[in-house]
Structure formats: structure tokens, C-alpha cells
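Heads up, the thing below is written out as C-alpha cells.
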Amino acid sequence: MNDTRFLPPNEWEARIAPTQFDEQGHMLRGTVHDPTARRMGGVAGHAGLFSTADDLALFAEDFLSGFTVLNCSAVAKMTSPQQPRMRRSAWARMGYRFAVLD
């Protein structure tokens, strides 16, 4: 995977699809379009990773054939349901509401 990275270099710009207009009306190409991730320097766990279809195919193939890019522990966490260790009252403070009560 040679064409996958955060903060791609300027020479990759012609190969990167434009994503959307920023707040000033400039088309973003090679810049993360999430404004919060952009304020964080363009690198975030949820945004900012740029890749090619070929590299994405290699990554997907890796999941099907034995996990050489990531170790088995990382893949197990990524492919199983996760629940943050918070009580429901903490979730309510974050704006989440639950229809079913204990």
C-alpha cells in the first residue's frame, strides 16, 4: 500500500478526486473535508486518510487472506461489536436517550 496516507503530498493532487467545497468556496482536493479534523491538522481517526482503489483492494484482500497488514488482535477488535465502558447516565449527558429502561 504505497498510495495510502494522511496528508498526501502536493504532487498527488492531480490523482485525488475533489471532495467538496470548503467554507471559502474552494474545492478540496487532498485535504480532509471534515472541518473538525481539518482544525486538528488533517489527521483524525474518523477522517483524513487518502488512498487509491488499488490500495483499498489490497487492504480488503488482506482481511480475506490472513491479516498481514494488521495483527489478528486489531482485526478482532475492528470486526466485533464494541461498547464504551460508560454508564447510561454518562450517555444521557452526551445527548443519547434510551427508549428501554433497566
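Points to keep in mind about this one:
- Extended-chain gain in nm, criterion 0.36 nm per residue less alpha-carbon gap, Ala57 and Thr4: 17.9 nm
- Summarised as an ellipsoid, the stretch 1-83 has semi-axes of 28, 17, 10 Å, derived from the eigenvalues of the Cα gyration tensor scaled by 5 and square-rooted, with the largest first.
- Solvent exposure of the stretch 1-63 as accessible area per residue, Å², 1.4 Å probe: 70
- Computed from phi, the 3J(HN,Hα) profile of the stretch 37-53 under the Karplus parametrisation 6.51, -1.76, 1.60 (θ = phi - 60°) reads 5, 5, 5, 8, x, x, 10, 8, x, 10, 6, x, 8, 10, 8, 10, 4 Hz, with x in place of Gly and Pro.
The values are calculated or read from the model by the stated rules, or taken from the named source; none is laboratory data. Keep in mind that this is a model prediction, so the values were computed, not measured. SASA here: full protein model, heavy atoms, side chains in, ligands and nucleic acids out. Shrake-Rupley method; radii C 1.70, N 1.55, O 1.52, S 1.80 Å.
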